Structure formats: structure tokens, C-alpha cells
Amino acid sequence: MIQATDGKKKERPKPVLTPELCKGCGRCIEACPRDCISLGHAIDQHSGLIPVTIDYEACNGCELCLTACPEPYGLLSGAEVDGAAYDREQAAAAAVVDRTQAPAPATIPASEILLSVNHSMVLKGTHAMALGAILAGCRHVFGYPITPSTEGAELMARLMPDLGGVFLQAASEVATVNHMYGCGGAGIPCMTFTSSPGFSLMLEGISYMIGAEVPAVFVNVMRGGPGLGNIGPEQADIKLMCRGLGHGNTRAIVFAPTTPQEALDLTMDAFELTFRYRSPVMIAGDGYLGQ
């Protein structure tokens, strides 16, 4: 309760929950001294997560939950949205970030190029993936050369300047994945070509991108054997890509084409799905397909 100017007591404004922005982390539950916040049971259709619920009868409006919430607009002050009861439209409007000071986004050319009718081509799987990425609108490629994926990166390095794109040879695989994090975070399609040891070095960044819902496409033309391995054809990274993409129980979409045609088609699909589901997409290949 707070003292009004007329001497009467009135209730504090109570926090307003924005379910579509709540990650259900539970920090507000721990911060609430009256135990009026609990984890909900229904999945929010906007976020796919389970937000918390607030018992407004027990809430005293202390707003300690606001200070504990890591999501800037997951919980809003009741004073800001003018009311204690939750109003979805009002809360959503209050959650809009003022981006007037943000730089204008760069214009991106048409996302797809229509492929004319042509005779069948005989080409490497890595070249097919590169062409599929170009047809899907990818104009930003980052990488650190490693066989047997090098040909795909080499083709992209030759074509990107003519297409108004960028090919950046990074200092390492760790640098590569961080370049992709920044590019994907800006909403720009990007990809890399790598192989087993290099892919392992990228896993920390990949798990970070999965958690942050940043789109990107990773092509892993697998090597054989553990450690640095060899360039013989092997498919030993399938388990790693499907069941162990870094720490934090992270998972992503994985494609495993078997022909150059599938490599081209699935690479185009990969760019569509990485933005649709806000998740990195992995494309697995071996020495036979890549070379």
C-alpha cells in the first residue's frame, strides 16, 4: 500500500506479464517474497515456451520480480502500462522497442534466383552446395580452409565479388563462427564450409547461436578418424551433429544429402528453414559427395 496525496491508501501498480516474451527461467519466482509467481502449464504459441503466471490477489506490487527478470520486456511495471490487470494488446504495445537511433538496415537483393532449364551437370557436391546457397540468396561466406571442403569455399571466393557479396577467410574456425554470429544476428544469410576438426572448434559458437536463435548454415564435409583425421570418406560426425552440438543440450536441423542434386536442393531448403525456425542448420557430407 502507498499513501495518496488525499491521505487515502491505494494499491501499488502491479507488474504486467508479457507471456510471449517470458522465457520461463524462474528468476522472478525466486525473487518474489510472497510466492505469488509460479511456473505455468500452457505453452505460449508465440514463443513455444512456458511462461510464468502471477497471482494478482497475493501480489503487493513490490516489483522485485522486475529487477530479477533478465528479459527487458518480459515483466513490465504496472505504472508504465496504466493498470494492474493484464492487457495483452497494451502490454505488447509497451514492449515495442524504440529503434529510432538504430542504423538503417542494408538493402538485400532478391532472395532467390530462378534457375533456367539446362542440361544435366556433373559437379562436385561442394560446388552443388555453393550454387544452392547462391540461388537461395546467400552473399556472405566465412571460413577457414580445410580439406575436403575447400572446393566449396574456393568457388564462393571466386563468385562472391561478382555477385556483390563477401567472402572472408577468418583467422580460425573459432573466429569464423563468431563472424557468422554477427552476420546472422543482423538478419543476413551466411554460411561456412568446414570439416570435422574445424567443426569441433566451432561447437561453442554453434551452441551459442542455437541458444540465441541466430540463423546460419554450416556445411561439414566430414573427415575420417578421430583427431585431425584423414580425408578419406567417412560419416562419423552424424552422431555429433544430431546428438551433440556443443554444450547446453543444444540441437539443430541437420541435412544429409546423398547426391549433388540433393546437396543443391537441401542447401536451398537450409536457408529457408534457418530463418523460419531461427536455428542454425547443419549440412553433412562425406569425401565421396564433397569431391
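Read-outs throughout are calculated quantities, based only on the coordinates presented, and are distinct from any laboratory measurement. What you see is a predicted model, and the numbers here were worked out from it, not measured in a lab. All Cβ positions, glycine included, derive from the backbone under ideal geometry; neighbour counts span all protein chains shown.
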For region 152-157, take each phi angle, set θ = phi - 60°, evaluate the Karplus expression 6.51 cos²θ - 1.76 cosθ + 1.60, and give the result in whole Hz per residue in order, putting x for glycine and proline. x, 5, 5, 5, 5, 5
Return the long-range amide H neighbours of Asn60 (sequence gap of 5 or more, or a different chain), with a cut-off of under 5 Å between placed amide H atoms. none
Excluding residues on the same chain fewer than 8 positions from Lys14, give the lysines whose Cα lies under 29 Å from its Cα. Lys23
Taking neighbour Cβ counts within 10 Å as the exposure measure, how do Ile37, Ile134 sort from fewest upward? Ile134, Ile37
Taking θ = phi - 60°, what integer Hz values does the Karplus form 6.51 cos²θ - 1.76 cosθ + 1.60 yield along region 169-184, in sequence order, with x for Gly and Pro? 7, 7, 6, 6, 5, 5, 5, 4, 5, 6, 4, 5, 4, x, 5, x
Interchain or sequence-distant (5+) residues whose placed amide H lies within less than 5 Å of the amide H of Gly285 are Asn220, Val221, Met222
